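Engineer: Quick one: this structure, given as structure tokens, is what I'll be asking you about.
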Amino acid sequence: MRILIMGAGNAGLQLAQRLCLCEEKHSVVMMDTDPKVLIQAEAKLDVLTLCGPGSSPQLLAEAQVKNCHLVSAVTNRNGVNILACLYAPAAGVPRKVAHVSSPECIHMDDLYDLSARGVDLVINQKRESAHEIFNTLQMPGNTGPGLSAVEAAQNYAAVPMTGPIILPLCMLLGRLNCIPS
């Protein structure tokens with residue numbers, strides 16, 4: 001499978017490492033505006049690298065985006081990530097993933113909804129972290145002894161709005177034995 005990764009920072013490098021090490025032998029192309037990180041990526045991994053912005057139609061053509069099965073835009077620039085994923089369907093790319101750090105860029109109405117525009121997965125680290133903490137709190141027996149010092153509960157779905165801040169802190173302190181059980 002041919003995969004185009006835009007952004008050779010931490011997320012892009014980790015994704016490329018996993019793809020290069022898996023048994024399926026993916027063909028990975030990495031794009032970034034910093035030639036230094038691309039040189040490091042080439043030295044560590046079996047990847048093709050291109051220097052320039054992922055929102056450039058000329059560079060996308062040079063990367064042969066029309067032959068890609070997945071475009072993963074994980075640069076630190078929301079506009080580049082969104083635009084690259086909006087260009088990809090025109091080239092026939094079946095899967096598009098965009099990292100979007102700004103909540104203002106993630107619209108829930110139909111007019112600006114990125115998934116309605118062809119982006120298959122929009123990743124926002126803060127939203128995903130909050131979602132994971134919430135899911136952890138929903139799991140029975142995964143609250144740690146620290147919560148007994150706050151108040152016992154059977155279901156944390158009814159926790160007030162300050163709960164998502166207070167509860168993880170109590171869980172951590174309880175697990176570190178800072179709060180007696």
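Engineer: Quick check: is even one residue across the stretch 3-12 free of Cβ contacts under 8 Å to residues at least 24 places away in the same chain, out of contact with any helix residue (DSSP H, G or I) (no Cβ under 6 Å at 6 or more places or on another chain) and closer than 17 Å to TYR87 by Cα?
Structural biologist: no
Engineer: If you don't mind, another one. Name every residue in the stretch 29-66 that is among the hydrophobic types (A, V, I, L, M, F, W, C), under 13 Å from LEU4 (Cβ atoms) and out of contact with any Leu (no Cβ under 7 Å at 6 or more places or on another chain), in order of residue number.
Structural biologist: Of everything in the stretch 29-66, those that are among the hydrophobic types (A, V, I, L, M, F, W, C), under 13 Å from LEU4 (Cβ atoms) and out of contact with any Leu (no Cβ under 7 Å at 6 or more places or on another chain) turn out to be VAL47, LEU48, LEU60, ALA61.
Engineer: Name the single residue, out of those in the stretch 51-79 being under 18 Å from ALA11 (Cβ atoms) and hydroxyl-bearing (Ser, Thr, Tyr), that is surrounded by the most Cβ atoms within 10 Å (Cβ to Cβ).
Structural biologist: Checking each candidate, the answer is SER72.
Engineer: Would you call LEU48 surrounded by fewer than 21 Cβ atoms within 10 Å (Cβ to Cβ) and in a strand (DSSP E or B)?
Structural biologist: For LEU48, the condition - surrounded by fewer than 21 Cβ atoms within 10 Å (Cβ to Cβ) and in a strand (DSSP E or B) - is met.
Engineer: So, in the stretch 55-80, how many residues would count as being modelled with pLDDT of 90 or more, assigned to a helix (DSSP H, G or I) and closer than 20 Å to ASN124 by Cα?
Structural biologist: Matching residues across the stretch 55-80 total 1.
Engineer: Which of the residues belonging to the stretch 4-20 are farther than 20 Å from GLN125 by Cα and crowded, with 21+ Cβ neighbours inside 10 Å?
Structural biologist: Of everything in the stretch 4-20, those that are farther than 20 Å from GLN125 by Cα and crowded, with 21+ Cβ neighbours inside 10 Å turn out to be LEU4, LEU19.
Engineer: For residues that are within 19 Å of the chain's Cα centre (by Cα) and β-branched (Val, Ile, Thr), scanning just the stretch 21-41, find the one that is surrounded by the most Cβ atoms within 10 Å (Cβ to Cβ).
Structural biologist: Filtering the stretch 21-41 for residues that are within 19 Å of the chain's Cα centre (by Cα) and β-branched (Val, Ile, Thr), the one surrounded by the most Cβ atoms within 10 Å (Cβ to Cβ) comes out as VAL28.
The values are calculated or read from the model by the stated rules, or taken from the named source; none is laboratory data. No experiment lies behind these values; they were computed from the predicted model shown. Cβ: placed from backbone, ideal geometry, glycine included. Neighbour counts: every protein chain shown.
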